[in-house]
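Please read the structure below before turning to the comments.
The values are calculated or read from the model by the stated rules, or taken from the named source; none is laboratory data. From a predicted model like this one, the values you see are computed outputs, not experimental measurements. Glycine also receives a Cβ, built like all others from the backbone with ideal geometry; neighbour counts cover every protein chain displayed.
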Amino acid sequence: MTGTLVLAVYVFVLAAFLGYELLTKVPPMLHTPLMSGANAMSGVAVIGALILAGTTTGVAATVFATSAVALATANVVGGFMVTDRMLSSFTVKRERA
Amino acid sequence: MNAEELVLVAYLVPVALFVIGLKRLSKVRTARRGNFMLAAGVMLAVVITLVEMGVVDYTWILVGLAVGATVGAVIVLWASATSMPQVVARFNGFGGAAAALIGMSLFWDAVVDRDAGTTPLAALGALESVALAVSVVIGAVTFSGSLLAEVKLWGRLSRLTRIPGRAPLLVASSVLTAAAAVAGLLLADVRWAALSMVGLLVFSLLAGFFAVAPVGGADMPVMISLLNSVSGIAVAASGFAIGNTMLIMGGIIVGAAGLMLTQIMCVAMNRTLLSVFAGGLGDGGSSDGGSDTYENVVSSDPEEAAMVLEVARSVVIVPGYGLAAARAQQAAADLAGVLAAQGVEVRFAIHPVAGRMPGHMNVVLAEADVPYDRLVEMDRINSDFPNVDVVIVVGANDVVNPAANEATGSPIAGMPILDVENARRVMVIKRSLSPGYAGIKNELFERDHCTMLFGDAKQVLDDLTRELKANVPV
């Protein structure tokens, strides 16, 4: 194993702990928005797709990468929009209450 | 510091935004800002990556970004508040598909197109190739699983809980997936290796389908949350395969936080992850859950019901998926408004999984501007039901089914419910006596103090409001 790889594994394990400890108590009304927001965040995969779409030359690889860019972007854009839509209904109501 | 190190340092900013954003998203007061921070984090990560890549052929990048952004935005703008859970499931599937396609693209780029004559394992490196296979498998499972979840949430395949021979089929597709992964990484002939990768994709899709097929009832949100968590792991795996730290960190944070959220949701509805997988709901319900026919059901009409409501002092409205489906949130809000104007204490009791997902009813009622302080969560209202004069159940079924407290053999046994039967009177607005999502009978409807108001939820609520208004001398 190279040094970079060991570091990557370190990052992986520490980030796993961080993510696991991040959420403790979540009110039920936020379960769905939180799931939706975290899901949109996993659309960060788009950068992996970008790297491939920009560098690869083969036809099949380009098709796969471009589809991945589109799907991941839809995940990010739509995911954050739908989360905000759910949350906006809560906050508007709060201000009036 | 060279350019590569600079990028690695710059990636820390989006990671920080992810951590703080998720934390804020889990608190009601800061949730919206938290969501913005997450979005900013992804945006920043994309910008950093594009800057790092320098001048490349942007054609396909721009095509992908434009198409994806348009599709994503259009889906959200077209969706109604009622169908939010389905939309979340669909986007989750998109994310999984992206992870799987990244793996496929990398395989074609680094193995098939180069055709170096070695095994893919040697061409990619041990950890990278395993990570690639993992990202394809989990990504594909997430995709097919999420899409099936969406279809089930629409209610079109809710009976698809027992496919004959499902367990062997799941095992078979899993074994074939593993075999295809081994073949895809070890075959030196690129054509066979490529074919194996296609097989890997197909078998993984099938495995995802069979894994989600038995999940039903109120368990679907947990399943989607779990799929969301594993899609994060798929992203992290593709990060290892490509050698991108941002993907590793972002992916695993989603994976771990998603797992925690799944656990929190399981606790909220008194289920274990294992029982969700086993698809406890829908198994054996009709055999030992008593007869499916109803006796002594009392039905009434809005006029009579309005007279009961006139003398009530405390009313609790229990909304369910039927309210959302009939788009009756405004009608319910109007009824609550009229009652409140007459000095009645009106509250909405929100079951954690009422509707199709936790928080679904909050979203729907918020759309109708129901004041926040009128929504009461299950734990706080259950002890108060004996003091409630009238409970109006609107399009809810399983979440008020007393079988959850009584019949041990019932598929929903142990699920926490709203104890509406303790109230003095219960009115149930429902289209028919058909079973709810869990597919079982509800004995509440036979109780002496329970009255059925058959009809479209919106129509009945509007009628109630009109009767109440008509009977009150202005």
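Brief remarks follow.
- Odd one out for A:Glu21 among (1) more than 7 Å from chain B (Cβ to nearest Cβ); (2) touching a residue at least 60 places away in the same chain (Cβ under 8 Å): (2)
- Among (1) modelled with pLDDT under 90; (2) touching a Pro at 6+ places or on another chain (Cβ under 9 Å), the one test that A:Val44 misses: (1)
- Selection within the stretch B:17-54 - in a loop (DSSP other than H, G, I, E, B), within 9 Å of another protein chain (Cβ to nearest Cβ) and among the polar types (S, T, N, Q): B:Ser26
- Close pairs from the stretch B:255-275: first in the same structural domain as B:Met220 (by TED's automatic domain parsing) and more than 20 Å from A:Glu21 (Cα to Cα), partner among the aliphatic types (A, V, I, L, M) and at pLDDT 80 or above, Cβ under 8 Å, at least 6 apart: B:Met269/B:Val222; B:Arg271/B:Val222
- Count of residues meeting criterion [part of a helix (DSSP H, G or I) and either crowded, with 24+ Cβ neighbours inside 10 Å or touching a helix residue (DSSP H, G or I) at 6+ places or on another chain (Cβ under 9 Å) (or both)] in the stretch B:341-375: 10
- Of the residues examined, B:Val175 is one that is assigned by TED's automatic domain parsing to the domain that holds B:Leu132 and either in a helix (DSSP H, G or I) or over 26 Å from B:Leu274 (Cα atoms) (or both).
- Residue satisfying condition, being surrounded by fewer than 24 Cβ atoms within 10 Å (Cβ to Cβ) and under 20 Å from A:Ile47 (Cβ atoms), within set B:Gly243, B:Gly250, B:Gly232, B:Gly239: B:Gly243
- Test: A:Val6 is more than 7 Å from chain B (Cβ to nearest Cβ) and assigned to a helix (DSSP H, G or I): yes
- Within the stretch B:61-68, one or more residues are outside any loop (DSSP other than H, G, I, E, B), in contact with a Leu (Cβ under 8 Å, 6 or more places away or on another chain) and at pLDDT below 90.
- One residue alone among A:Val26, A:Val11, A:Val44 is within 7 Å of chain B (Cβ to nearest Cβ), closer than 29 Å to B:Ala31 by Cβ, assigned to a loop (DSSP other than H, G, I, E, B) and among the β-branched types (Val, Ile, Thr), and that residue is A:Val26.
- You will find that of A:Thr24, A:Thr32, the residue that is touching a His at 6+ places or on another chain (Cβ under 7 Å) and not aliphatic (A, V, I, L, M) is A:Thr32 and no other.
- A:Thr55 meets each of the listed conditions (1) closer than 20 Å to B:Ala99 by Cα; (2) surrounded by 17 or more Cβ atoms within 10 Å (Cβ to Cβ) apart from (2).
- Filter pass, B:Ala99 being crowded, with 24+ Cβ neighbours inside 10 Å and touching an Asp or Glu at 6+ places or on another chain (Cβ under 6 Å): no
- Filter result for the condition that a residue is of a type in the set (A, V, I, L, M, F, W, C), free of Cβ contacts under 8 Å to residues at least 12 places away in the same chain, surrounded by fewer than 24 Cβ atoms within 10 Å (Cβ to Cβ) and assigned to a helix (DSSP H, G or I), over B:Val134, B:Val74: B:Val74
- Some residue of the stretch A:80-88 being among the acidic types (Asp, Glu), assigned to a helix (DSSP H, G or I) and more than 7 Å from every other protein chain (Cβ to nearest Cβ): no
- Failed criterion for B:Asp57 (all others in (1) in a helix (DSSP H, G or I); (2) at the interface with another protein chain (Cβ under 7 Å from one of its Cβ atoms); (3) free of Cβ contacts under 8 Å to residues at least 60 places away in the same chain hold): (1)
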